[in-house]
Amino acid sequence: MHPIRKKRLTIVLFLVAGIAIAVGLTTYALRQNINLFYDPTEIAAGNAPVDVRIRAGGMVEEGSVARDADSLLVSFRVTDFSASVPVQYEGILPDLFAEGQGVVAMGRLNDQGVFVADQVLAKHDENYMPPEVAEALERSSKGQHKSADVEKAAETTAY
Amino acid sequence: MWQFFHKLGSPKWFFGIATRFMPWLLAAGAILLMAGVVWGLAFAPKDYLQGNSYRIIFIHVPTAFLAQSIYIMMAFAAVVTLVWRMKLADVFVKSVAPVGLIFTFLSLFTGAVWGKPTWGTWWVWDARLTSMLILLFLYGGAIALDRAINDEKSAARAVAVLVLVGVVNIPIIQYSVEWWNTLHQPSTFKLTEKPSMPAEMWVPLLLSVLGLYCLFGWLACVRMKTEILMREQKTRWVRELIMAERG
């Protein structure tokens, strides 16, 4: 290679490497701001600020959804399978909202440790399957031990 | 190898090659894309959770793939522009930047349309969506910078530097869903693992991705040929070509 071209190539490589390091350090420093939501473990450990608008994300715990009989008030627990946070929400939930599904809720954590949400978004995972396959999976997993199923869900789905 | 590389720098040689390959690229692109989209939209099974709304994936994923791939190709061309000062590399960057811009916009738009019924919101400032929006601005910036500088050579170098600076955004888009908590789900297609959807869904998706690549190849050839004719209009081979065309 021609020496001038070699020199130019070195400059280009240094440019790209330098920018990559700068951006890498910046995003690393801002990682808490880039994260869209706090997960239940962080909230349970007290890392999330109280009475500040934040987002909380995780899976809706099985059997935790309770609807108020004469209003739109819904309460449920959001879990990441190691800790869980109680959530209260008044309003219309997205179609995909269901027990065992991922959600991201926006709202404030009150001093009793209850997350009062004013917006609930459904989080979809990367798995797609036809309805028949889902039914077959459901049927075959019913015979097995429940906790094995939950463990598998924790491994394969990103909440 | 170097001889081939230097030949590639000749606009006239590329013009001939592109003319020969274009019908094939167009035919392959049209067939693959039609097959993938029709199969995906009409015949693939619906999703157990989202029903039919997931079908936008057959448009969303190909455009998002192309939006990133085109930028990576532009970055390689930018290195060639800066190091070897090859005219053809700059012609490529200039010609495909608007195509990349359109694909990025389409992937953001289809994502928003899907996000409203699925997530419950059109837009959320999570890492994936935001980094994709930055990609849109990078494409826009490259186009604007090129138009803003009159001198062809300085424009080429300035755009090349901008494109290279922006290339750090590509791994951020790719890994955003793994590095940070995002609303956007992780990739369904991974290089090392089986896709997390059944074959009757991913085969049409793969067909439409490949089809869009071919169609992009064709589009790049069309735009590059136009750009070459504009730049080389004073040379003998272009004049002869036009004379022959007029008969």
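Where a number appears in this text, it was derived from the coordinates with a stated rule and is not lab data. Keep in mind it's a predicted model, so treat the numbers as computed, not measured. Here Cβ is always computed from backbone atoms with ideal geometry, including for glycine, and neighbour counts include all displayed protein chains.
Residue by residue along B:43-55, Cβ atoms of other protein chains within 10 Å of the local Cβ number 4 on average.
The trypsin sites (Lys or Arg not before Pro) of the stretch A:1-82 include none that meets both criteria, a DSSP state outside H, G, I, E and B (loop) and at most 14 other C-beta atoms within 10 angstrom of the site's C-beta. Karplus-based coupling profile of the stretch B:209-217, in residue order and whole Hz: 5, 4, x, 5, 4, 4, 5, 5, x, with θ = phi - 60° in 6.51 cos²θ - 1.76 cosθ + 1.60 and x standing for Gly or Pro. Hull volume per residue, based on the alpha-carbon atoms of the stretch A:1-133 and their convex hull, is 189 Å³.
For the residues of A:25-37, the average number of beta carbons from a partner chain within 10 Å of their own beta carbon is 4. Neighbours of B:Ala127 by Cβ distance under 12 Å: Lys/Arg scored +1, Asp/Glu scored -1, total 0.
Quick check: net charge around A:Val50, other residues with Cβ under 11 Å of its Cβ, Lys/Arg +1 and Asp/Glu -1? Could the numbers behind the result be given before it?
On the way: positive: A:Arg108; negative: A:Asp51, A:Asp111.
Result for the local shell: -1.
What does the convex hull of the Cα atoms come to per residue for the stretch A:39-106, in Å³?
On the way: hull volume 5.6 nm³, N = 68.
Taking only Cα atoms, the stretch A:39-106 has a hull volume of 83 Å³ per residue.
Along its principal axes, chain B has C-alpha extents of 62, 37, 33 angstrom, given from the largest down. The peptide list B:207-213, B:18-24, put in order of mean Cβ contacts within 10 Å with the highest first, becomes B:207-213, B:18-24. For a Förster distance of 22 Å, can you work out the FRET efficiency between the beta-carbons of B:Ile31 and B:Leu8, rounded to the nearest 0.05? Efficiency for this residue pair is about 0.20. Ellipsoid semi-axes for the stretch B:56-184, based on the Cα gyration tensor and the rule √(5λ), read 30, 14, 12 Å when sorted largest first. Shielding by partners for peptide A:54-60, expressed as the average number of C-beta atoms from other protein chains within 10 Å of each residue's C-beta, is 1.
Using the rule -39500 (n - 2.57) for each DSSP H run of four or more residues, divided by the residues of chain B, the 222 nm mean residue ellipticity is -26000 deg cm²/dmol.
Placing unit charges on each Cβ (+1 for Lys and Arg, -1 for Asp and Glu) gives the stretch B:56-184 a dipole about its Cα centre, and among B:Ser107, B:Trp84, B:Gly141 the Cα reaching farthest toward its positive end belongs to B:Trp84. Between the amide H of A:Met129 and those of B:Tyr48, B:Leu49, distances stay under 5 Å, these residues lying 5 or more places away or on another chain, with hydrogens modeled in the peptide plane. Every helix of 4 or more DSSP H residues in chain A counts as -39500 (n - 2.57), and over all residues that averages to -11500 deg cm²/dmol at 222 nm. Normalised by residue count, the protein assembly as shown yields a Cα convex hull volume of 183 Å³ per residue.
How much FRET efficiency would the formula 1/(1 + (r/R0)^6) give for A:Arg139 and A:Asp70, where r is the Cβ-Cβ distance and R0 is 30 Å, rounded to 0.05? Can you show the working numbers first?
Numbers: r = 36 Å, r/R0 = 1.21.
About 0.25, to the nearest 0.05.
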